[in-house]
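What follows is calculated from the coordinates using simple rules that are stated; it is not laboratory data. For clarity, every value in this text was computed on a predicted model and none was experimentally measured. Glycine gets a Cβ as well: all are built from the backbone with ideal geometry, and neighbour counts include every protein chain shown.
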Amino acid sequence: MDIRREKTESGSGYDRVVKFLREQLLSGELKAGDSLLPERELSARLGVSRPVLREALRALAMIGAVEIRHGIGTVVTKPDVSILGEFFTFVLAHQPNVVDDVMQARIAIERQAVRLACRRATQSDYDRLAACLSEIIDTIHTPESGGLADFRFHETIVNASGSPTLINIYQSISVLMHRSHLDRREQIIQVEGIEEFLIDHHRAIFAAIVERDEERADELLSLHFEIGADFRRRATIRMAGYPPLAN
């Protein structure tokens, strides 16, 4: 009975601490750099025991939401997206067909991001996209380097959107997306016509962003993913030894 009561307190107490911090951040009452109330006051305010409060704060510290500083107290921090990325990677890694599922999320993020990039991109963004395009051309014959260059081009589009939410979500699944880029590049690099597609299509998307043509950029990006999927099907058929598909 004692064990059951302790678990109930711990679970509800943790939820109360997390909810408190979340609501304080969303309301603007707390921001990065602010210190939380001392343990005694905070535990009394939230109605949780100090051991449960410490447990919850340690868990929040592990994801970078707070930092426990000895002699100072608990300070609100801005979570490191890379930590969240590791968390998402472990969670999603247990799901079947995770790479294909992440691909669908990627398409949704990038199609909105490219529209925003057409409105918000700066000269610095154009320069970074141009550098990524040059890297794609230079590494076209190298699957690993080419896959990384491809990933950086698309990541730069998302960063050019100027949307913190899209950028953070994209970065949180970047490990899985990078793996997806590399896997696909290794599959399709031997398919006829792939080099022209990779260079020409990325160049066209870049031009649409520079011209601030949202409809064209979105259309090209959607088509980019469709053609890429078709090349993967062709690669699968090629590896299986079947005759190539007709164009």
Quick note, the stretch 82-240: a/c under 1.5 would make it rounded; otherwise a/b > b/c is prolate and the rest oblate (a ≥ b ≥ c, C-alpha gyration tensor); here it is oblate
Can you tell me the relative contact order of the stretch 82-240? Whole percent, Cα pairs under 8 Å, sequence separation 6 or more.
-> 33
Extension gain ASP213-GLU67, at 0.36 nm per residue separation less the Cα-Cα distance, in nm?
-> 48.1 nm
In nanometres, what is the gap between the two model label sites at SER27 and GLU55, each 7 Å from Cα along Cα-to-Cβ?
-> 2.6
